[in-house]
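The values are calculated or read from the model by the stated rules, or taken from the named source; none is laboratory data. Since this is a predicted model, take the numbers as computed values, not measurements. Glycine gets a Cβ as well: all are built from the backbone with ideal geometry, and neighbour counts include every protein chain shown.
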Amino acid sequence: MDQQEKIYDLIGIGIGPFNLSLAALLDEIDGVEPLFFEQKEGFDWHPGMLIEGTKMQVPFIADLVTMADPTNPYSFLNYISKNERMYQFYFLQRLDIPRREYNDYCQWVAKQLDSCQFGQRVTNIRHYKDNKELFEVEVTHMNSGEVEVYCTKHLVMGTGSVPVMPQSFRNASSEDVFHTADFLSNRDRCRKADSITVVGSGQSAAEAFRELLREQRDCGYQLDWITRSAGFESMEESKLSLEHFSPDYVNYFYQLPQHQKDEIFASQGLYYKGISNHTINDIYNLLYEYSVGREELNIGLQVLSEVKEIRPKVEGGYELECYHYQKGETFTHHSDLVIAATGYKPYVPDFVHHLEDFLEWDEKGRYKVTKDYRLVKTKETANEIYVHSGISHTHGVGSTNLGLSIHRNKVIINHLTGREVFPINEKNIFQSFNV
C-alpha cells in the first residue's frame, strides 16, 4: 500500500454527470486542486438504455458547465464545434439532444480532465487528526489490485444510484428476468424470445416497450406491459410545472419540516417518474398503425396490476402471479422474458458506514444534509463531505435533475473556496413558492 504525500483540496468519489460537471468547472479555477475517482474504465452514463432515438429530458443548455459559465471550453456547443458538427446541429433546430450524444459529450469532457481518474475504486475513508485534520482515502486500482492512499481536506460524494430489483423477482435467472438497466445487452435475447413482458411504469419502461414494439411484428413475440399504476401516465411537463426544478423550489422545500418533505415528495411522482409525452405518442402511433386491417396484435397493456411473484415453469418460461388491486383479484400471466422497470435507489457505499460516528443520520437511516450540500457532522472540524447522491429527502424532487447540477456545483465551489466564484441568484423563476 502506497501513501501519497500530496494533500488535495477535494477528492470526488464517483464520476457521473454531477461530479464530472464539478471537475469541469474546477478545471478553470485557480487555487483548487481536486482529484476524482471512478471504478469504471471510462465515463458511461446508463449504457443499458442508450437506445437510438431516445432524447434527453433537459435542454442541451443543461450541459456540464454552461449555466455557470457559458464561455467555459467544456460546453456542449464547444463539443459540437470541435467535432465539426455545428451546421448539422444548427439545422436540427432542437433544444433536446439524443441521449447517446449526451454520453459522447461527457466522454469528450472526461478525457480532457487530468483530475478524473478511471479504473480506480475508493474502498475506504478515514478521518484523522495528526498535525492537521484530513481525510485519508484508500483507492484500489481495478486492473492491478494495487492500493494507494490519498489525503484530502474535503470530499464530494457522487456515487449515483443502482437498479432496484424486487425480492420476488430475484429467484429467476438473470438471463431471463433483468432490469431495464441491462436492456441493450439483452437485445438479441429479446429478439429470439416467444414472449416478453415489461413490468413497471415510467420513462425507462416506456422506452424499452417502444423499442420492443418497433420490432414486434418482425420478431413475432407476444409483447405485454404490466403496471400497478392506474394508467400509463404522462410526465408533468408544462413550463410552470418545470419551475419545480429550480433553485427557488429547492430553497423552499429545504426549509420545510422533514415529515412534510416526505409527504410532499411522495406526491410528486409525475414530475420525475412519468412518461414523456413524445414517448407515449410514439407508442400509441405504433399501436394504431399495427391495428390497420384488424391484424392480430399479440400485444397487451395491463394497468392496476402488481406482479407479486415470478415462478419458473417446468416446461420453460415464467409464471407471473399478479394482483388487480381495485378488483381484489389474482391472475397469472406467462412470459419467456421479464424486463423489470422497477427504478433505482441511491448508492451508499459500505465505506460511508465506516464514518457513521462522524455523521448525523435521521430516524429513517438517511444522512442529514445542510442547505449547501454538506453532510452534517457530529464533530467540529473544517473538513467537509459534500454530496450529490441520496438527497431527495432533504432537497426535493430536483435532486437528480441534470438541470440543477450546475447550481449545486456553484454552491459547492463557493463554499469550498470561501468566496463568490459564481453569483447565486435569489430569484430565477416567475412564480413564488413562499409567502
## Note on the structure
Filtering region 151-198 down to residues that are part of a strand (DSSP E or B) and closer than 30 Å to L134 by Cα yields C151, T152, K153, H154, L155, V156, M157, S161, V162
### Query
Of all residues in region 386-435, how many are under 20 Å from S241 (Cβ atoms), under 27 Å from the mean Cα position of the chain (by Cα), assigned to a loop (DSSP other than H, G, I, E, B) and among the hydrophobic types (A, V, I, L, M, F, W, C)?
3
### Message
Against the condition hydrophobic (A, V, I, L, M, F, W, C) and either under 30 Å from L240 (Cα atoms) or in the same structural domain as S204 (by TED's automatic domain parsing) (or both), how does L320 come out, does it pass?
### Response
yes
### Subset of region 262-275 [touching a helix residue (DSSP H, G or I) at 6+ places or on another chain (Cβ under 6 Å) and not in a helix (DSSP H, G or I)]
I275
### Query
Quick one: in region 360-389, which of the residues that are among the hydrophobic types (A, V, I, L, M, F, W, C) and surrounded by fewer than 18 Cβ atoms within 10 Å (Cβ to Cβ) is farthest from F135 (Cα to Cα)?
W361
### Query
Within region 119-135, is there a residue that is under 26 Å from the mean Cα position of the chain (by Cα), at pLDDT 95 or above and not in a strand (DSSP E or B)?
yes
## Note on the structure
Listed by first then second residue, the pairs whose first member lies in region 88-115 and is farther than 20 Å from L50 by Cα and in the same structural domain as F37 (by TED's automatic domain parsing), whose partner is in a helix (DSSP H, G or I) and of a type outside the set (D, E, K, R), with beta carbons under 8 Å and at least 6 positions apart or on separate chains, are L113/L20; L113/A23; L113/A24; S115/A23; S115/L26
### Message
I'd like the full set of residues that are in contact with a helix residue (DSSP H, G or I) (Cβ under 9 Å, 6 or more places away or on another chain) and in a loop (DSSP other than H, G, I, E, B), limited to region 287-327.
### Response
E295, L297, N298
### Summary
When E148 is run through (1) surrounded by 15 or more Cβ atoms within 10 Å (Cβ to Cβ); (2) part of a strand (DSSP E or B); (3) among the acidic types (D, E), the failure sits at (1)
### Task
Report yes if some residue within region 106-122 is of a type outside the set (G, A, S), in contact with a helix residue (DSSP H, G or I) (Cβ under 8 Å, 6 or more places away or on another chain) and more than 27 Å from G31 (Cα to Cα); otherwise report no.
no
### Query
Where residues in region 118-145 are of a type in the set (A, V, I, L, M) and surrounded by 16 or more Cβ atoms within 10 Å (Cβ to Cβ), which of them is farthest from I385 (Cα to Cα)?
V139
### Query
Within the group I80, I125, I97, which residue is out of contact with any Gly (no Cβ under 6 Å at 6 or more places or on another chain) and either among the polar types (S, T, N, Q) or closer than 23 Å to A181 by Cα (or both)?
I97
### Task
State which residue pairs qualify: first residue of a type in the set (F, W, Y) and inside region 233-245, second residue surrounded by 14 or more Cβ atoms within 10 Å (Cβ to Cβ) and part of a helix (DSSP H, G or I) in any location, beta carbons under 9 Å apart, and separation of 6 or more residues or different chains.
F245/Y271; F245/Y272; F245/G403; F245/L404
